[in-house]
Amino acid sequence: MEHLRTCGVLAVSAIAMLSAQQSPAGANRAALAQLRAHLAGHENEPAEAFFTNISILKGRPAGRLPGMMEALTGLIGVDCAYCHVDGNWASDDKPAKRTARAHFAMMARLNQEQFQGRNAVSCWTCHRGSPHPELTGGSSATLSAATPRAAFVAIIVPDAAATAQWYEEKLGFHESKRSRAASGIARSITVESDYAMVEIIEHDRSVALEPIVPDAERRRLVRGISKAGFFVTDIEKIEADLNARGVEFVSHLFSDNDLHLKSFIVRDNAGNYIQFMERTPR
Ligand code: HEC
Ligand code: HEC
């Protein structure tokens with residue numbers, strides 16, 4: 001039942017995202033593209049050697065920084081300018097940047113002292129896409145009042161860790177949560193990007209479709225959710241990136257003139273069809 005409800009959320013958030021396209025996301029993306037271009041060829045240098053004012057990423061490759069910054073905007077629900085002074089990324093003048101550093105330290109301490117070093121607590125645990133986590137519980141926000149954020153989809157796979165890794169490596173998602181049913185019978189890993197959240201579920205009693213529907217083509221005839229889709233921008237670039245990463249395509253870029261969409265479809269490592277879509281002007 002739980003999983004049936006998620007399709008409703010997927011549909012609603014997809015619609016919500018369409019109306020949220022004039023968000024500062026465009027500025028974030030432009031800044032990230034510039035940053036990645038600037039970094040080109042230096043990705044493996046230590047972050048502190050390439051950048052000016054680094055403590056969190058000290059000793060890590062510089063190439064990790066753009067993904068981390070992109071993730072922060074989604075986890076905290078803000079744009080780059082919320083933490084950064086215009087034209088000076090290295091500056092610590094904005095209080096939010098200093099708070100972010102302090103909260104990284106808090107998160108590391110919590111995980112170390114309370115969770116045996118596991119990544120149990122993340123920014124998402126408290127922030128859930130907002131700079132000001134609700135301090136008291138109970139006031140359940142209605143869907144219409146919630147900030148449209150990104151599409152959500154849950155999938156059941158044979159090996160959650162392997163599929164999570166696929167989403168991280170191929171689609172640039174990052175892990176935001178791991179959980180396990182009290183009975184131990186099911187586990188899940190939630191991964192996120194700035195446009196979507198995917199809950200990857202592994203259940204000891206899940207059944208594979210292959211013995212029943214051996215023919216991959218006929219899988220399309222099975223009743224239930226047929227595929228998941230994410231609205232994105234810069235779809236040509238995403239397609240090229242995924243191509244370069246060896247992702248399996250079900251369908252390369254095509255236009256749907258009725259829906260005013262450009263779209264392509266890939267298959268994840270567990271065989272799920274994932275469609276990417278970008279609105280074209282009417
Ligand atoms: C929630 C706050 C936050 C947001 C949002 C954020 N950053 Fe950062 N940024 C930081 C922190 C903290 C550091 C320092 C990282 C460290 O200490 O390793 C940093 C460092 C950087 C640096 C390195 C500067 C230097 O030379 O030292 C760049 C470049 C950067 N961010 C770009 C971006 C871009 C582009 C975005 C938007 C896509 C963004 N940031 C969003 C907090 C943020
Ligand atoms: C244990 C809960 C918790 C965790 C984990 C957490 N935060 Fe926070 N964070 C808060 C609370 C509570 C506030 C303050 C809310 C307020 O004052 O309205 C806050 C405020 C902030 C702010 C300042 C927002 C503003 O404009 O004042 C930033 C930036 C921030 N957190 C970044 C992060 C980052 C980045 C992470 C992950 C590395 C993180 N936080 C992890 C609870 C948390």
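If you take the residues in the stretch 36-72 that are assigned to a loop (DSSP other than H, G, I, E, B) and of a type in the set (A, V, I, L, M), which one is farthest from S193 (Cα to Cα)? Outline the logic, then answer.
Within the stretch 36-72, the subset assigned to a loop (DSSP other than H, G, I, E, B) is 40-45, 51-60, 62-63.
Next, from what is left, pick out any that are of a type in the set (A, V, I, L, M): 40, 54, 56-57, 62.
Details: A40: 22, I54: 23, I56: 20, L57: 20, A62: 19 Å.
Only one residue fits best here, namely I54.
Considering each of R101, R118, R149 in turn, give the residue that is modelled with pLDDT of 90 or more and not in a strand (DSSP E or B). Outline the logic, then answer.
Numbers: R118 fails: modelled with pLDDT of 90 or more; R149 fails: modelled with pLDDT of 90 or more.
Among R101, R118, R149, only R101 is modelled with pLDDT of 90 or more and not in a strand (DSSP E or B).
Within the stretch 221-229, does at least one residue satisfy the condition of being within 30 Å of R118 (Cβ to Cβ) and modelled with pLDDT under 90?
Of all residues in the stretch 221-229, those within 30 Å of R118 (Cβ to Cβ) come to 228.
Retained after the next criterion (residues that are modelled with pLDDT under 90): 228.
Yes: one or more hits.
Please find, among A90, A100, A96, the residue that is within 12 Å of ligand 2 (Cβ to nearest atom) and over 21 Å from the mean Cα position of the chain (by Cα).
Matching residue, one of A90, A100, A96: A96.
Pick from the stretch 73-87 the residues that are among the hydrophobic types (A, V, I, L, M, F, W, C) and either buried (at least 17 other Cβ atoms within 10 Å of the Cβ) or more than 23 Å from the chain's Cα centre (by Cα) (or both): which of them is nearest to D194 (Cα to Cα)? Quick ask: steps written out before the conclusion?
As a first pass, look at the stretch 73-87 and keep what is among the hydrophobic types (A, V, I, L, M, F, W, C): 75-76, 78, 80-81, 83, 85.
Retained after the next criterion (residues that are either buried (at least 17 other Cβ atoms within 10 Å of the Cβ) or more than 23 Å from the chain's Cα centre (by Cα) (or both)): 75-76, 78, 80, 83, 85.
Working: L75: 8, I76: 11, V78: 11, C80: 13, C83: 17, V85: 22 Å.
Result: L75.
When you go through (1) modelled with pLDDT under 90; (2) touching a His at 6+ places or on another chain (Cβ under 6 Å) one by one for D234, which number turns out not to apply?
Result: D234 passes all but (2).
Okay, residues lined up against (1) away from ligand 1 (no atom under 12 Å from the Cβ); (2) in contact (Cβ under 8 Å) with a residue 60 or more places away in the chain; (3) not assigned by TED's automatic domain parsing to the domain that holds E48:
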residue	(1), (2), (3)
S91	no, no, no
R98	no, no, no
A120	yes, no, no
E134	yes, no, yes
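Which members of the stretch 74-87 meet the condition of being within 10 Å of ligand 2 (Cβ to nearest atom) and either touching a Cys at 6+ places or on another chain (Cβ under 6 Å) or part of a helix (DSSP H, G or I) (or both)?
Correct list: L75, I76, Y82.
Out of the residues in the stretch 103-113 that are surrounded by 11 or more Cβ atoms within 10 Å (Cβ to Cβ) and more than 8 Å from ligand 2 (Cβ to nearest atom), which is nearest to V85 (Cα to Cα)? Break it down stepwise before answering.
Within the stretch 103-113, the subset surrounded by 11 or more Cβ atoms within 10 Å (Cβ to Cβ) is 103-112.
Checking which are more than 8 Å from ligand 2 (Cβ to nearest atom) leaves us with 105, 108-109, 111-112.
Values: A105: 22, A108: 26, R109: 28, N111: 30, Q112: 32 Å.
Selected residue: A105.
Please specify each residue of the stretch 241-282 satisfying the condition of being in contact (Cβ under 8 Å) with a residue 24 or more places away in the chain and of a type in the set (S, T, Y).
S255, S263, Y273, T280
Quick check, is R267 touching a Leu at 6+ places or on another chain (Cβ under 9 Å) and basic (K, R)? It would help to see each step written out before you state the result.
Details: touching a Leu at 6+ places or on another chain (Cβ under 9 Å): no; basic (K, R): yes.
So R267 does not fit the description; no.
Scan the stretch 121-146 for residues that are within 25 Å of V198 (Cβ to Cβ), within 14 Å of ligand 2 (Cβ to nearest atom) and either surrounded by fewer than 18 Cβ atoms within 10 Å (Cβ to Cβ) or at pLDDT below 60 (or both) and jot them down. Lay out the reasoning, then the answer.
Filtering the stretch 121-146 down to residues within 25 Å of V198 (Cβ to Cβ) leaves 121-131, 133-134, 140-146.
From the residues that got through so far, the ones that are within 14 Å of ligand 2 (Cβ to nearest atom) too are 121-131, 133-134.
The answer is V121, T125, C126, R128, S130, P131, P133, E134.
The values are calculated or read from the model by the stated rules, or taken from the named source; none is laboratory data. Predicted model only: the values in this text are computed from it and were never measured. Here the Cβ is made from the backbone with ideal geometry for all residues, glycine too, and neighbour counts use every protein chain on show.
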